[in-house]
Structure formats: structure tokens, C-alpha cells
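Asker: Once you've had a glance at the structure underneath, I'll fire off some questions.
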Amino acid sequence: MALRCLIVDDSARFLAAASKLLEREGITVVGVASTSAEALERAQELRPDVALVDIDLGGESGFELARRIAEAPAPLPVILISTRSEDEFVELIETSPALGYLSKTSLSAHAVRQLLEGDTCVHEALVYATVEEFLAATVPFIREGLESEEPLLVVAQEPNLNALQEALDTDAGRVDLVDSIEWYRNPQQTLEAYDRYARTRLEEDARRVRIIGEPVWPRTSPRAVAEWKRYESALNVAWASTPSWVMCPYDANELPEEIVADAKRTHPVLRTGQGSRPNPGYTDPEVFVRELGLELSDILTGAP
């Protein structure tokens, strides 16, 4: 069943644009409102799954509306939205009953679902051009995982593994490090191997697993390249409910442009050394895989 959404904003232009965007990406916009009174009435009448509430509602406060929705007889999750920087509202957001905040420029169905679903799979693409860029993104990711006591698996090509070992120093011994050549032999086996790793760690009471996975891309067969692209897209479906954070590095200097370009269609989140952000170019797996001339269901047989 499609997610049902109410959008609250005092801009008619934004209401129309956001409704069109979310509908295109699979969310049903059951209603819109431009004032707090309209929002409260429609929230109780329509019973949506989530309300997107603009922080600045003309002369009204989105924070106050979020509080009133949370205290209503039939409360529903609220996500605050704005064109302004989240940094301006950090304390207000933290004390608000809202689930979180989304910039209007980053609004997408995936970003909404991510806030609603919480501990599910976060699937990021890291496009890097130097070892320094690779380390700037991966080392903080690993150290955050170690601090949170989350199991960490890094499957990368040998030069990157060596650079990580040096950068992590003694902490490298707390991370499972594997050469990509040993792991990326064919898409189905790779998906099954990751599934075994995640299941084992989660059964050991890990809250979430963190994975850095750098595929070995074939250079001679267009069909083989397409199958690995399907694998990257399928992971979003196969692991949708698996508590995991997966970062997939792409070497922009070594890989063909079309592989790097499609990385930005198969990963809902983009990562750099400065952090991560929702990917506006992400394409629904069914649509993307169909464009490859393949079937998504073929690789999902037996997936988690």
C-alpha cells in the first residue's frame, strides 16, 4: 500500500510541486493545507500516514502545529520542512515531537520513508577521485560505527584496504577487512554473502551493521556490467528492512563514466567527505532494472 501524506505549506506553488514530485515517486498525497486550522481538520478527516509541515506558515509556527498534531486525539508522525538551514532550528527540532527535518531542496519519497522507517537500510554511493577523498568519507564512517559498537565489514580493493589500515592504525583490528576480488565474484553470490554476514551479526544482538562494499566491475561484457548494476539497485529492495548502513565506493578515475553515472541512479543517498545527502537522481529499482533489459525478481530470489 502506498504511503499516504498530508502537506502543509502556505505556498500554493510549493504544494503543487511537492505533490507532483511525491506522487511520481510513489507517495499518495491525500490532501494539502495552508493554515494550521486546515491542517488539523484534514489530519483528523483524512488520517494520513505522515504530515509534512512547513516551519514558516506565514504568521503561524510549524513547530506549534507539530505539537498540536502530536496532542490530537489521533496523532500522526510529522516531518518538518523548510527552505532554511537546519542549523537555524537545531534546538527547536530536537525538542519538537516531529520525527525530524527535511530541506525542501532534498525532499523525496525516499527521504520521507527513511525518517518514518528508522532502522532500515541506508544505501550510499561514494564517488571519489583520490585516496584522500576515499579516506575522508570512509574513516569517519568507520570510526562512528566503532564508537556505536556496530559490526563493520569493509570489502575494498587492495590499495584502499592498505590506506584504511594505515589510517585506522590499531582500530583496523576491530574491522573485518576483505579484498574485493575475494567477495565480488558474481552478483547473486555477493548478495548472499552480505546477507549471511548481516544475519549473523544481527542474531548476535547487533543493532545495525555497517558495510563498505567496493565492487570489481567487469570490463569486457556489457551484460555482466548490467547485472552488477542490477545488483546495486536490487540491494535497495532486498535489504529494505535490514538494519544496515552500506557505502559503495566508485573510483571516478578508473571506472567508465556510465558506471559512475548509474551509481547515482542506484543509490538513494550520496556520500562525500563532508557528509551525506538524499540523492535526487535515485531511480526506483523496478524502473531502473527494466531499462537494463533485465528482471529485478531474478536476483531477489532467496534474498532476505
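Asker: State whether one or more residues within the stretch 74-82 are touching a Leu at 6+ places or on another chain (Cβ under 7 Å), without any contact (Cβ under 8 Å) to a residue 60 or more places away in the chain and aliphatic (A, V, I, L, M).
Answerer: Yes, the stretch 74-82 contains a residue that is touching a Leu at 6+ places or on another chain (Cβ under 7 Å), without any contact (Cβ under 8 Å) to a residue 60 or more places away in the chain and aliphatic (A, V, I, L, M).
Asker: Would you please name the residue that is least open to solvent (accessible area, probe 1.4 Å), looking only at residues in the stretch 142-157 that are more than 27 Å from Leu255 (Cβ to Cβ) and in a loop (DSSP other than H, G, I, E, B)?
Answerer: Glu150
Asker: Further question on the same structure: Quick check on Arg67: is it without any contact (Cβ under 8 Å) to a residue 60 or more places away in the chain and more than 20 Å from Leu107 (Cα to Cα)?
Answerer: Judged against the criteria, Arg67 is a match.
Asker: Looking at Val289, is it modelled with pLDDT of 95 or more, touching a Phe, Trp or Tyr at 6+ places or on another chain (Cβ under 8 Å) and aliphatic (A, V, I, L, M)?
Answerer: So Val289 does not fit the description; no.
Asker: Please go through the stretch 158-179 and pick out each residue that is closer than 23 Å to Pro215 by Cβ, touching a residue at least 24 places away in the same chain (Cβ under 8 Å) and not in a strand (DSSP E or B).
Answerer: Pro159, Asn160, Ala163, Leu164, Ala167, Leu168, Val175 - these are the residues of the stretch 158-179 that are closer than 23 Å to Pro215 by Cβ, touching a residue at least 24 places away in the same chain (Cβ under 8 Å) and not in a strand (DSSP E or B).
Asker: Report whether or not Arg207 is among the charged types (D, E, K, R), assigned to a helix (DSSP H, G or I), touching a residue at least 40 places away in the same chain (Cβ under 8 Å) and more than 30 Å from Asp54 (Cα to Cα).
Answerer: It is false that Arg207 is among the charged types (D, E, K, R), assigned to a helix (DSSP H, G or I), touching a residue at least 40 places away in the same chain (Cβ under 8 Å) and more than 30 Å from Asp54 (Cα to Cα).
Asker: Which of the strands (runs of 3 or more DSSP E) found entirely inside the stretch 1-96 contain at least 1 residues meeting this: closer than 25 Å to Asn279 by Cβ and open to solvent by 30 Å² or more (accessible area, probe 1.4 Å)?
Answerer: Result: 4-8, 28-33.
Asker: Let me ask something else about it. Which number in (1) in a helix (DSSP H, G or I); (2) open to solvent by 10 Å² or more (accessible area, probe 1.4 Å); (3) hydroxyl-bearing (Ser, Thr, Tyr) marks the one condition that Thr138 misses?
Answerer: Of (1) in a helix (DSSP H, G or I); (2) open to solvent by 10 Å² or more (accessible area, probe 1.4 Å); (3) hydroxyl-bearing (Ser, Thr, Tyr), only one is false for Thr138: (2).
The values are calculated or read from the model by the stated rules, or taken from the named source; none is laboratory data. Every value quoted in this text rests on a predicted model; they were computed, and no experiment measured them. Cβ: placed from backbone, ideal geometry, glycine included. Neighbour counts: every protein chain shown. With ligands, DNA and RNA removed, areas are computed over all heavy atoms of the protein, side chains included. Shrake-Rupley method; radii C 1.70, N 1.55, O 1.52, S 1.80 Å.
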